[in-house]
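Engineer: The structure's right below; bear with me while I get my questions together.
What follows draws every value from the coordinates through simple rules; no lab data is involved. The model shown is predicted, which means the values in this text are computed figures rather than measured ones. Quick reminder, even Gly has a Cβ in these numbers, built from the backbone with ideal geometry, and neighbours come from all protein chains shown.
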Amino acid sequence: MECLKILIATILVLGIHCALGRAAAVDVDLERATTATDTTRDWWQVAQFYQIYPRSYKDSDGDGIGDLQGIISKLDYLKEIGVTATWLSPIYSSPMADFGYDISDFFDIQPEYGTLADFDELIAEAKKRNIKIILDFVPNHSSDENVWFQKSVKREKGYEDYYMWHDGYVNATTGAREPPSNWLQAFRGSAWEWNEERQQYYLHQFAVKQPDLNYRNPAVVAQMKRVLTYWLDRGVAGFRMDAVPWCFEVLPDADGRYPDEPLSGYTDDSDDSSYLKHIYTQDLRETVEMVFQWRTLMDDYQRIHGGDTRVIMVETYSGLDYVMQFYGNRTTNGAQMPFNFQFIIGGNGDKNNTQLNAAGFVKIINSWLSQMPAGQTANWVMGNHDQRRVGSRYGENRIDLMNMLQMFLPGVSITYQGEELGMTDLDISWEDSRDPAACNSNSNIYEQFTRDPARTPFQWSDEANAGFSTNSSTWLPINPNYVTVNVKAENSTSPSHLSLYKQLVELRKSKTLQLGATRYANVGDNVVAIRRYLSGEPTYVLVANVLDTSVSGIDVASAIYASGSYKIKLLNPQAKATVGDSVTLSNLTLEPYAALILESV
């Protein structure tokens, strides 16, 4: 396919025998990065994006819930840590069945977060600091409290087919009513719900209160484009698009019947979404083409109104052959940033990557860079509000190492709030659980599904409630480690996770990291080595021991074709060395979890 014209022509795979085994070296000349004339990037291509989960960021009015004024009060902090653009998880009007992903009014703000005036103030204040605001766009579904759904229930003219409706079937033996197919929702159980008033089933691939919109209805397509335009008019710089692969389902057959999805063999739990292979409800080509339409809308808007490029970030955990299609092809532009979740799903395939070795890290990096269409820009997502925190998935000893890796790789970095501090998961009790993915299960199994541990309030200081709220309680409990893991403490201490993060932000501004080519390799099981280089500019090398054992006598120079002399530019606390020390790349010693960024001299 044209959209999968990948960079194989620019990738050189080398087998190099090193001190601890075979290093697989890969060289990627990304986006003609070393050509003399290619010296610029669009703003987003070298941006540092930062995800804010508004409910947990900063509470300004003492109700225990974060809000827009809270975000405004912390814009200087975002500027301090080098944020180019921040994307906000949903702030629209919502009954909060899925904490904002069930939208009752796409054109207004949830009152507990603020008002449209607050939002306009946020845009204005962020602009003063040269920070762009990205909104979370939820295209697949609305709330059942949305007026569109209420009109559809009543079959009002123009809204009859706004959602996915079906009569279902009556069991000939039992006489019981049955749903149209065996499709399952993401939050356990049938994806079909009977509506007594309309006397039909509606499809909801997420919670019962999140009915799926019907994208085969042109009126829905036009309505959602109006939503995008409305927020562009209010000054947003683009959208992160939620749960995109679910937007289209297969058409029913001539008899109006939807096909059942086959069993996956992954689990025997028939209520679990992973019980089925979602071949009819996810990853359809029509969904990709819908994103192309949204990109056209963005480009047309910029052409008419001017200003910087408006961007699309697509959430998809699909297979890479499908994800890469979102970039577009030779004739059609797609999303600038289909999210690269390989560091989330590409390790051991589970929530625990604490034992992932260097070859595993290189495999993850290569999986994206080797399949990305030519001329596109990579992005690196280590965590988000739906996943366990990086320090909990990869291990607390790797927190700095993971931030160094994310900031050193070519392209866009996307940080979830708190990862710059090394925040970790808090185990949430069944009684304190709020996430519908957990609450729709039971007290015995909820921990398999909960997303609450990564959503706990941001840790600003060692004051009560971590400086997040003046209320006696907060919507989720706060991690007790806030006493030491907080902005105030880490700003006044060096080394700290935050101090290193800020140094990495500054290093990312170098021409080498913004424009340079990339070579990467694993040296044995322990060491990941990455070289970034650009003619006429300093060369930088990242070396990281990703395991809990020391290594010595490592020949990194041969693995990544590095020559010349190097000194230490940055390092994590596990490295027993000093900034400015000279390093011999052909005979390197690294302590457990030590990571160094070296600069040519």
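Engineer: When the Cα centres of the range 154-170 and the range 419-464 are compared, how far apart do they sit, in Å?
Structural biologist: So the separation of the two Cα centres works out to 37 Å.
Engineer: Also: Modelled label-to-label distance, residue 576 and residue 430, 7 Å Cα→beta-carbon offset: nm?
Structural biologist: Taking the simple label geometry, residue 576 and residue 430 are separated by 4.8 nm.
Engineer: Restricting to DSSP H runs of at least four residues, report the calculated mean residue ellipticity at 222 nm for the chain, -39500 (n - 2.57) per run over all residues, nearest 500 deg cm²/dmol.
Structural biologist: On the way: 16 runs with 133 residues, N = 601.
Computed mean residue ellipticity for the chain: -6000 deg cm²/dmol.
Engineer: Once the Cα atoms of the chain are picked out, what are the Rg and Dmax in Å?
Structural biologist: 24.6, 81
Engineer: Report, for the chain, the % of DSSP beta bridges that are antiparallel, rounded to 5. Let's see the in-between values first.
Structural biologist: Values: 55 of 80 bridges.
Close to 70 percent.
Engineer: Shifting gears a bit: Is the C-alpha gyration tensor of the range 147-203 telling us rounded, prolate or oblate? Criteria: a/c under 1.5 is rounded; beyond that, a/b larger than b/c is prolate, otherwise oblate. Show your work: numbers first, answer last.
Structural biologist: On the way: a/c = 2.76, a/b = 1.51, b/c = 1.83.
Here the range 147-203 falls in the oblate category.
Engineer: Measure nothing but the geometry: give the 0 to 90° angle between the long axis through the Cα atoms of 116-128 and the longest principal axis through the Cα atoms of the chain, rounded to 10°.
Structural biologist: 20 degrees
Engineer: Right, something else. Please determine, in degrees from 0 to 90 and to the nearest 10, the orientation of helix 497-507 with respect to the longest principal axis defined by the Cα atoms of the chain, where the helix direction is its Cα long axis.
Structural biologist: Tilt relative to the chain: about 80 degrees.
Engineer: When N counts the residues of the range 516-600, how does its alpha-carbon radius of gyration compare numerically with 2.2 N^0.38 Å, as a ratio?
Structural biologist: Numbers: Rg = 11.7 Å, N = 85, 2.2 N^0.38 = 11.9 Å.
For the range 516-600, the normalised Cα radius of gyration comes out at 0.98.
Engineer: Along the charge dipole of the range 251-342, pointing to its positive end and built from +1/-1 on Cβ of Lys, Arg, Asp and Glu, which listed residue (306, 318, 280) has its Cα farthest out?
Structural biologist: 306
Engineer: Another question, then. For labels at residue 251 and residue 40 in the simple 7 Å Cα→Cβ model, what's the distance in nm?
Structural biologist: Inter-label distance under the simple model: 4.5 nm.
Engineer: Here's another thing I want to ask about it. Nearest 10 degrees, 0 to 90: what angle lies between the long axis of helix 399-408 and the longest principal axis of the chain (Cα atoms)?
Structural biologist: The angle comes out at about 90 degrees.
Engineer: Something else about it: For the range 187-284, which GluC sites (Glu not before Pro) pass both filters: DSSP loop (anything but H, G, I, E, B) and at most 13 other C-beta atoms within 10 Å? Working shown, then result.
Structural biologist: Values: sites: 193, 196, 197, 249; in loops: 196, 197, 249.
Answer in residue order: 196, 197.
Engineer: Once you charge only the Cβ atoms, +1 for Lys and Arg and -1 for Asp and Glu, what is the size of the charge dipole of the chain about its Cα centre, to the nearest 20 debye? Don't skip to the end; give the middle numbers.
Structural biologist: Numbers: 52 positive and 76 negative charges, 458 e Å.
The dipole of the chain has a size of about 2200 debye.
Engineer: Around residue 163, which amide H atoms from residues at least 5 apart in sequence, or from another chain, sit under 5 Å from its own amide H, with H modelled in the peptide plane?
Structural biologist: 214
Engineer: Place +1 on the Cβ of every Lys and Arg and -1 on the Cβ of every Asp and Glu in the chain, take the dipole about the Cα centre, and give the residue among 561, 499, 220 whose Cα lies farthest towards its positive end.
Structural biologist: 561
Engineer: Placing +1 on the Cβ of each Lys and Arg and -1 on the Cβ of each Asp and Glu in the chain, which of 521, 339, 94 has its Cα farthest towards the positive end of the resulting dipole?
Structural biologist: Of the options given, the answer is 521.
Engineer: Show me the ranking of peptides 468-474, 376-382, 307-313, 526-532 by mean Cβ neighbours inside 10 Å, starting with the highest. Working shown, then result.
Structural biologist: Values: 468-474: 17.3, 376-382: 22.1, 307-313: 19.7, 526-532: 26.4.
Those peptides, ordered most packed to least, come out 526-532, 376-382, 307-313, 468-474.
Engineer: If you don't mind, another one. What percent do you get for the relative contact order of the chain when only Cα pairs under 8 Å and 6+ apart count? Can you show the working numbers first?
Structural biologist: Working: 1334 pairs, mean separation 96.9, N = 601.
Taking the mean separation of contacting Cα pairs over the length of the chain, I get 16 percent.
Engineer: Near the amide H of residue 205, under 5 Å away, which other amide H atoms are found, from residues 5 or more places off or on another chain, if H is placed in the peptide plane?
Structural biologist: Those lying under 5 Å, H to H, from residue 205 are 212.
Engineer: Ordered by packing density, taken as the mean number of other Cβ atoms within 10 Å over each peptide's residues, highest first, how do 171-177, 518-524, 390-396 rank?
Structural biologist: Numbers: 171-177: 8.1, 518-524: 25.0, 390-396: 22.6.
Ranked by mean Cβ neighbours within 10 Å, highest first: 518-524, 390-396, 171-177.
Engineer: How far is it, in nm, from the label point at residue 125 to the one at residue 483 when both lie 7 Å from their Cα along the line to the Cβ?
Structural biologist: 3.2 nm
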